[in-house]
Amino acid sequence: MTSLNATQTAAIQANETSFLLGPAGTGKSTVLYHRLLRLLQEGEPAYTLLGLVAEPEQRPGFLDALHQSGLGPYAELKITTYNRLAQEMVSLFWPLVARPAGFSRPYQPPTFLSYDLAQLLMWRIVTPMVEEGAFARLRLRPQQIVSQLLDTLNRAALNGLTLDEAITRQINAWAGEPDHLRHLEDAATAARRFRQFCLENSLVDLSLNVQVFDTQLVRHPEFYAYFQERYRHLLVDNVEEQTPAGQNFVASLMNATQTTAIAYDMGGGYKRFLAADPLGANRFRALCRHVFDFSHSYTANPAALALAGRAANSLLRNSVVLGTQGIEETEGTAEADESKIQNPKSKIQNIGGRYRHEMVANLMPVLVRLVAEGTPPAQIAIVTPYLDEALRYNLTHALRQAGLPYRLLRRRSSPREEPRVRAWLTWLVLAHPDWGVQPAAYDVSEALSLSIGGLDVVRATLLAQHLYGPDPAGLADNRPQLRPAADLPDKMVQRVGVENVERVEELRQWLVEQGGRYPLDTFLQRLFADLLSQPRFQPEPDLAGAAVCDWLVQVAYRLRRAAPAMGLRTPAEVGRAFIQGIYQGLVTADPPDLGNPPDPKGIILATVYGYLLAGAPVQIQVWLDAAATGWWDIPRQPLSNAFVLAQSWPADRRWTTDEDFRTRNELLSRLVRGLAARCGREVIIASSDLDRRGLRQDGPLWRALRAYVDTDGRD
C-alpha cells in the first residue's frame, strides 16, 4: 500500500461528510481511492458506492486502485460523470418526468442525442434559416454557428438557467455593435426551434437531459428514495470542475448517504468554458462535517511552482483573491518563492526557432537527450494552446524520425480533416448516386491512393482524371461516376500498373453491386472488412483505416437509430444528413485514433486544457509555442458567451473589454499554476519568432516569462 501521511489517513477513516482541500498533486484523489478500498474491505457492497468524476479519463484511477488491491472484481461499482449519470437516471425514470418536463408525447420512449447527432439536428434547423437570410454578415462558419447554438443550450441547462433567461443574458450583456443584436435574436429563434422539435419528438440532447434531471428528477421524492436506498457512500473528485447542476446534485443528496467525501483542487476550474463553477464549489466546505487541508505536493517542483507564481503575478499585476470564502489562494506569494527559480545565473531553458517547424526540429535533440539520460518518455508532456493539423503533423513526424514514442490526448476534432474519413465517404457517395452528393476529382484520387496499397498520388490522380467524370458517350445521366477500367488506354494501363487497374475495377464493381443493399452503418463496415482491409488492397494492416471505419460505423449506427425521431424518413435522407454533416465540419467529442494505437508509454501531446483535465503529472513539461497569443486567447463565441451564462454572472451586467482582459489574465494565471502543480522536475519553454502566418509573436505568457527564460540573444 502507498505510504500515506497523517492527513490522508485521517481523511480515509472519516465518516459522515468530508471536504478535501488542496492544490493538485497533494494526494486528495489517493484518499478517495483508499477510502473506496476501505469501504469494500469492511464489507460494503460495491452496488452501494457511487464515484463522481469530472472527466471520463479520471475513471480509470479508481478502477486501477481496485485492481491493484487484489480485492477482486466489482462489476457493480459505479464510477461515472454527472452527465452520464443524468442520462441513465432520466432514461430509468422517464415515465415519471416526461410529462412535467414538457414532452408532447410522454408515452414515447426517449431518443438520446449524442453531441454529433445534436449537431446534425441543429443543421436541419439552421440551414433553412440561413437560406432565408438569418445570420447575414456574421463572420462565422456554419459549423461555428451550430456549435455555439448548442453551447448556449447546454450552458443554460448546466448553470440552472432557462433558455429564455440565457437568451436575455446574452442580449443584455452585449456591449458591441448594435447590429449584432439581430444575430443574437436569430440565435434565440434557432435555439427555441431546436428545443421545441426535441420536445415534440422525445429527443433528449445534453441540455434537455440536464434540465430534466436537475429540475424534475433530483427533487422528486421517488428519486430521493431510490438514491437513498441504492447509494450509501458518495465519492466526488474535482468538484471544482463540476457545473452548478452537478454541484446541486451533490449538495441535494450528500446527506442521503451515510458518508460523502468531496475533493476540491485549489486553482482548478479549467472547464469554465464548459460551465464549470469553481467558486460555487466553495460552499461544500461549509456543508461538510470534516475539512482536511492538503498542502504537501507529491508532484510539483518548487522551482516550477515559483516560476508559475511569478508569471501569474505578472499577468494579474496586483494581488487578487480568486475565491470568496477563503478557499482559493492569493496570488501575491511570488516574492518569497523567487529564490527557488533556480540559480539566477541559470535561467529556464528555451528552445527557439524563427519558424514553428524550426522550433519543433530544435526541440527533438533535447527530448532525445532526456530519454537517453533515463527520463521515461511517459514522464514528458508537450502542451500547447492549439494543436492544429500542421503542428500535429510536424510534431508527430519529428518524434517518429527521432525514434520517440508518443500519444495524443485529443478532446475534440473535426473528422473531415482526416484524409481516410474523406476517402471512405467518397466511396459511400459513389455507391449511392441517388443521394445527389458529387465528390470532386481530387477526392477520388485521394481515396484511391489511400485505399490501394502502393498506389502513389500521381498515378491515383491519373486514374481519377481518366475514369472519373460524366459518361463521355452520354448514355447515362450527366452525373460524375467512376467508369469501367476498360475505358483506360493501354498506355495508361502500363503507366499505372495492371494490378492497380484491377483493384480499381474491383472496387468500382463492388460499389455498383453493394450500393443501396445495406443500411448506412452496415455498408461502411462491409466496405472496409470485405474489401479495403484485404491484403490485395492493403498488404500491411491499415490501423488508421480501421479506426476511422469503426468511428464512422458508430456514428452512422446512432444516426440510423435516431433518424425517425429526427424527421429523416428515407435511407437517402439519412445518408445525405450523415455526409453533409461531416463535410460541413461536424465536431466529435470522441475522435478516432489515427495511426497506431496510442502508446501509454509515449510522450504526451496535448492542448493545455486537454492535459490539465486528463493528463497525469510528469517530470518534464514542454510549454510549446510559448510566445503565441493562443495561451491568452479565449474562444471567440459571439453567439454564446460562457462567462455571461455562468450562474454567478449578474443578469444585467455587460461584457466589456475590461471584463474580457481581466478574464483572459485570470484564466492564463490558473493554467500556468495548474501546469506547474503537475511538473515534478523541469519546465522547458519552446517558442518561435513567427507564427504560422509569418507574424512576429510576443504573447502575454512570453512577456510574463521572459525575465526567467534563456532567450539566447532574442529581443
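The values are calculated or read from the model by the stated rules, or taken from the named source; none is laboratory data. On a predicted model such as this, the values are computed, not experimentally measured, just so you know. Cβ placement follows ideal geometry from the backbone for every residue including glycine, while neighbour counts extend to all protein chains displayed. Only protein heavy atoms, including side chains, enter the accessible area calculation; ligands, DNA and RNA are left aside. Shrake-Rupley method; radii C 1.70, N 1.55, O 1.52, S 1.80 Å.
Touching a His at 6+ places or on another chain (Cβ under 9 Å) and open to solvent by 60 Å² or more (accessible area, probe 1.4 Å) - does that describe any residue in the range 545-564? Show your work before the answer.
Here is the first cut: in the range 545-564, the ones touching a His at 6+ places or on another chain (Cβ under 9 Å) are none.
Looking through the range 545-564, none of the residues is touching a His at 6+ places or on another chain (Cβ under 9 Å) and open to solvent by 60 Å² or more (accessible area, probe 1.4 Å).
Yes/no per residue for (1) in contact with a Leu (Cβ under 7 Å, 6 or more places away or on another chain); (2) outside any helix (DSSP H, G or I); (3) closer than 28 Å to A589 by Cβ:
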site	(1), (2), (3)
T7	no, no, no
S18	no, yes, no
T30	no, no, no
R38	no, no, no
R59	no, no, yes
L63	no, no, yes
Next item on the list: Consider only pairs whose beta carbons are under 8 Å apart and that are at least six residues apart or on different chains; among these, list those whose first residue lies in the range 631-655 and is under 29 Å from D698 (Cα atoms) and open to solvent by 20 Å² or more (accessible area, probe 1.4 Å) and whose second residue is β-branched (V, I, T) and part of a loop (DSSP other than H, G, I, E, B).
Entry: W655/V644
Checklist line | Residues of the range 369-421 classified as in contact with an Asp or Glu (Cβ under 9 Å, 6 or more places away or on another chain), open to solvent by 60 Å² or more (accessible area, probe 1.4 Å) and more than 27 Å from G699 (Cα to Cα), total | finding: 1
Next item on the list: Return only the number of the condition from (1) under 28 Å from R272 (Cα atoms); (2) free of Cβ contacts under 8 Å to residues at least 60 places away in the same chain; (3) of a type in the set (D, E) that E132 does not satisfy.
Entry: (1)
Notebook entry, point to check: Restricting the search to the range 154-202, which residues are among the hydrophobic types (A, V, I, L, M, F, W, C) and part of a loop (DSSP other than H, G, I, E, B)?
Noted result: L161, W174, A175
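Provide a single number: the residues in the range 475-513 that are of a type in the set (S, T, N, Q) and over 19 Å from L531 (Cβ atoms). If you could, list the steps in order and put the result at the bottom.
Within the range 475-513, the first condition is being of a type in the set (S, T, N, Q), and the residues that meet it are 478, 481, 494, 500, 509.
Then keep just the ones that are over 19 Å from L531 (Cβ atoms); that gives 478, 494.
Residues flagged as of a type in the set (S, T, N, Q) and over 19 Å from L531 (Cβ atoms) within the range 475-513 amount to 2.
Of all residues in the range 65-82, which are in a helix (DSSP H, G or I) and more than 16 Å from L235 (Cα to Cα)? Don't jump to the end; show me each part of the working.
Initially, the range 65-82 is screened for residues in a helix (DSSP H, G or I), giving 65-69, 82.
Listed by number, the residues that qualify are H67, Q68, S69.
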Next item on the list: Please name all residue pairs, on different chains or six or more residues apart, with Cβ atoms under 8 Å, provided the first residue is in the range 149-164 and is small (G, A, S) and the second residue is outside any helix (DSSP H, G or I).
Entry: A156/T162; A156/L645; G160/Q647
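Within the range 89-134, restricting attention to residues that are among the polar types (S, T, N, Q) and part of a helix (DSSP H, G or I), which residue is nearest to N154 (Cα to Cα)? Outline the logic, then answer.
Here is the first cut: in the range 89-134, the ones among the polar types (S, T, N, Q) are 91, 104, 108, 111, 114, 119, 127.
When the remaining residues are screened for being part of a helix (DSSP H, G or I), the result is 91, 119, 127.
Numbers: S91: 19, Q119: 12, T127: 21 Å.
Out of the qualifying residues, it is Q119.
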Item checked: Criterion (at pLDDT below 95 and surrounded by fewer than 21 Cβ atoms within 10 Å (Cβ to Cβ)) met by exactly one of A54, A46, A24 -> A46
Item checked: Of the criteria (1) more than 29 Å from A157 (Cβ to Cβ); (2) surrounded by 16 or more Cβ atoms within 10 Å (Cβ to Cβ); (3) at pLDDT below 90, which one G610 fails -> (1)
Check: Would you say A281 is crowded, with 24+ Cβ neighbours inside 10 Å, in a helix (DSSP H, G or I), at pLDDT below 95 and in contact with an Asp or Glu (Cβ under 9 Å, 6 or more places away or on another chain)?
Finding: yes
Check: Is there a residue being under 16 Å from V53 (Cα atoms), touching a residue at least 40 places away in the same chain (Cβ under 8 Å) and in a strand (DSSP E or B) anywhere in the range 245-260?
Finding: yes
